[in-house]
Amino acid sequence: MLRVIFPLAFTLLCGAVAASPLHGIAMHGEPALPPDYKHFSYVNPDVKKGGKITYGVVGTFDNLNPFILKSMRTTARGMWDPDYGNLVYESLLLRSRDEPFTLYGLLAETVEWDEDRTFIQFNLNPKAKWSDGQPVTADDVMFSFELLRDKGRVPFANRLSLVSKMEKVGERSVRFTFNDKADRETPMIFGLFPVLPKHAIDPETFDRTSLLPPLGSGPYKIKTVKPGESITYERDPNYWGKDIPSKVGMDNYDQITVQYFLQDTTLFEAFKKGDIDVYPDGSPGHWATAYNFPAVSSGVVIKDTFQSKLPSGMFGFVFNTRRPLFANMKVREGLSLVFDFEWANKTLYSGAYKRTQSFWQNSKLSSFGVPADARELDMLGPIKDKIDPAILDGTYKLPVTDASGRDRNVLKKAVQVLKEGGYSIQGGKMADASGKPLAFEIMTQNADQEKLAIAFQRSLQTLGIAASVRTVDDSQYQSRTNSFDYDVILKSYVSSLSPGNEQLSYWSSAARDREGSSSFAGVADPNVDASIKHILTARSDDDFTAAVRSYDRLLLSGHYVLPLYHIDQQWVARNKRLGRPDAVPLYGYQLPAWWDQSVQ
């Protein structure tokens, strides 16, 4: 069991609010694992480490610093990575993937906070070391927060704005006392903050892109870098954390390589040849028909299907409300009705997808089919008048067409709604009162998105709406999305079972004009801001559920996104050489817990 003993002087220093050290913290309720837990439930603690794995991604990279604005979307994968693991840099705490939002010890061995979460104190693990052997210190933690405040990108740059006091406590502890801008999720977010080595960083040059291998505390060091082509990591044999409970059964390869490809088709061909070891597949049609090559027939390639317990999230066409055309809610709603999901699903995907009706579908957080209860209505107050009554009472559902691509009843409804937005068909063209045609561009980044955009374009043409489709390369796409230079794009909004501060980047007024934020729709609505605040300040699980449901209703009523589809499974093809645990956690398969079975 993790214990820390403090002298009387420490108690007097911290005052009457001093709390007992905790091995883990949960957003709502208590951690599922006890203080003396040995490992996470979804790892193989007895795995034999060694061997190698090669991942493949589409894109490029020109930077090894994931914390700065320059090249923020073209940093080499693996440095600070939700899929492959944080191979070089580490955070204070580590998130369990089998609980909605619970953190356990990593660089910080224990934490302390009060019931109101007015402060959090991180007590560093005395074993924590940088890869050069120097200890991770409280000064490193404070330096990291200050450096990223001054030189980092959002959201890292904003963290200290929530703090009234940051102080060093003893030799290994840092306490953050929060101001009135903070919320109940803030201490959790601080636990996921990266820690950087003060002795190995020049603050003056930190915000410049660099391909020089940095110093980290993580399980891997950089072995080789081929800019834009590949990066290879090798295990640090002296990694300090290999035996702490949250890392047991993780980081199992001696070598990890990430190769880059210009197109997904090229990546898949590399997987077929055995150059890539694992291929996550998000296309039902591809999953059903593309695996008739020899390696599958011989058993060298294995197809795995996983069932996660996550919400659906939202994938769809996003209307940029910064554009005057899309500032009109009725225009957004009318255009959303035009897309024929049933035709696209039948023609393009053999009926494999389900229509998405909520940002949190398939979970208790979803408003779909659920009438707002008294708790929600009380929480919403006057905001409920801004919500479509059908969405409020749980009866709203996106229209189901006859799958012809030209369902007259649905198109008639779209014309009616667009008329309310000031547009009508004039001489075969949809135009406003002055005769200006309704026209816009859909920007896509790959062939799959282009196919969807063309399907939408086809339906729009039946109403005289001129939508052009433009597919751009990865660097141009990232540049234009960073600066919000587009009319309509396709985006995925990942939804977790514990939504929180990430919603500020997606939907808050403050993020609308912040370059590099995830405010793709450009929403600036005080009602949306108020709904996010309800989520962030909820204390009980019931209040939290009501807050997310009401927020879901408000976003759906705004028609900022034309909802498309989702699948409720995860598909991964892998080389049989890779082993994986039998247990699948709440968040689905976890690549950092896989291993090389060829190791003897």
Considering only DSSP beta bridges whose two residues both sit in the range 314-564, what percent are antiparallel, to the nearest 5? 60
Across every pair of different alpha-carbon atoms, what Kirkwood hydrodynamic radius in Å does the range 314-564 reach? 18.8
Roughly how big is the chain's charge dipole about its Cα centre, with Cβ charges of +1 (Lys, Arg) and -1 (Asp, Glu), in debye to the nearest 20? 1060
Once phi for every residue in the range 228-238 is put through the Karplus expression 6.51 cos²θ - 1.76 cosθ + 1.60 (θ = phi - 60°), the whole-Hz ³J(HN,Hα) values, with Gly and Pro written as x, are x, 10, 6, 9, 10, 10, 10, 4, 7, x, 9
With a sphere of radius 14 Å drawn around the Cβ of Ala374, what net charge do the other residues whose Cβ falls strictly inside it have (Lys, Arg +1; Asp, Glu -1)? -3
Linear extension gain, Thr347 paired with Glu204, 0.36 nm per residue minus alpha-carbon span: 46.0 nm
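Only bridges with both residues in the chain count here: give the DSSP antiparallel percent, nearest 5. List each step's numbers first, then the result.
Numbers: 64 of 80 bridges.
Around 80 percent antiparallel, to the nearest 5.
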Would you list, by chain and number, the aspartates and glutamates whose Cα falls below 13 Å from the Cα of Lys491, excluding same-chain residues fewer than 8 positions away? Asp448, Glu450
Which order do the peptides 423-432, 485-494 come out in when sorted by mean C-beta neighbours inside 10 angstrom, highest first? 485-494, 423-432
Once each part is reduced to its C-alpha centroid, what is the distance from the range 416-479 to the range 112-191 in angstrom? 47
What are the residues whose amide H is under 5 Å from the amide H of Ile442, where those residues sit 5 or more places off or on another chain and H is modelled from the backbone? Ser468, Val469, Arg470
For helix 408-420, report the angle its Cα long axis makes with the longest principal axis of the Cα atoms of the chain; keep it between 0 and 90° and round to the nearest 10°. 80
Distance between modelled label sites at Val300 and Asp243, nm, 7 Å Cα→Cβ extension: 4.0
On a straight-distance basis, which lysines could pair with Lys181 in a cross-link, Cα separation under 18 angstrom, same-chain partners fewer than 8 positions away excluded? Lys165, Lys533
Karplus (6.51, -1.76, 1.60) ³J(HN,Hα), θ = phi - 60°, over the range 589-597, in Hz, Gly and Pro reported as x: 4, 10, 4, x, 9, 7, 8, 8, 6
Listed by chain and number, the residues whose amide H is under 5 Å from that of Ile68, excluding neighbours fewer than 5 places away on the same chain and using placed H, are Arg153
Which aspartates and glutamates have a Cα less than 16 Å from the Cα of Lys52, not counting those fewer than 8 places away in the same chain? Glu234, Asp236, Asp251, Asp254, Asp275, Asp277, Asp596
Determine, from the Cβ-Cβ distance of Ala32 and Ile425 and an R0 of 51 Å, the FRET efficiency 1/(1 + (r/R0)^6), rounded to the nearest 0.05. 0.30
Unit charges at the beta carbon, dipole of the range 446-504: most positive-side option, Val472, Ala453, Asn482: Ala453
Amide H proximity to Leu578 below 5 Å, modelled H, separation 5+ or other chain, gives Gln597
Calculate, in nm to one decimal, what Val494 and Arg323 gain on full extension: separation in residues at 0.36 nm each, minus their alpha carbon distance. 59.1 nm
Hey, what do the phi angles of the range 78-94 turn into as Karplus ³J(HN,Hα) couplings, whole Hz, using 6.51/-1.76/1.60 and θ = phi - 60°, x for Gly and Pro? x, 5, 8, 9, x, 9, 8, x, 7, 6, 10, 9, 10, 9, 5, 10, 10
Mind pulling the angle between the C-alpha long axis of helix 526-537 and the longest principal axis of the chain? Nearest 10 degrees, somewhere in 0 to 90. 30
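Every number in this text was worked out from the coordinates using simple rules, so none of it is lab data. Small disclaimer: the values here were computed from a predicted structure and weren't measured. For neighbour counting, all protein chains shown are included, and Cβ atoms are generated from backbone atoms with ideal geometry for every residue, glycine included.
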